[in-house]
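One structure below.
Every number in this text was worked out from the coordinates using simple rules, so none of it is lab data. What you see is a predicted model; the values in this text were computed from it and never measured. Neighbour counts are summed over all protein chains in view; Cβ atoms, including those assigned to glycine, are modelled from backbone coordinates with ideal geometry.
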Amino acid sequence: MDSMRFVETNRVVRRPDGAILKGGSLYVTTNELNAIAFAIYEFFKDKE
């Protein structure tokens with residue numbers, strides 16, 4: 001598992017705005033989870 005984590009954390013991703021980030025699929029997964037969370041947040045009228 002450590003070798004897989006090492007590979008993922010050292011993989012490079014280029015964002016749409018041109019920025020280059022390390023993190024590979026970890027970065028992509030984080031963005032997907034954030035998009036899902038924000039969609040759930042927007043779904044409810046009572047934000048609290």
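In this simple spin-label model, placing a label point 7 Å from the Cα along the Cα-to-Cβ direction at both E48 and E32 gives a separation of 3.5 nm. Once backbone amide H atoms are built at 1.01 Å from N, R11 has G23, G24 as its partners under 5 Å, excluding neighbours fewer than 5 places away on the same chain.
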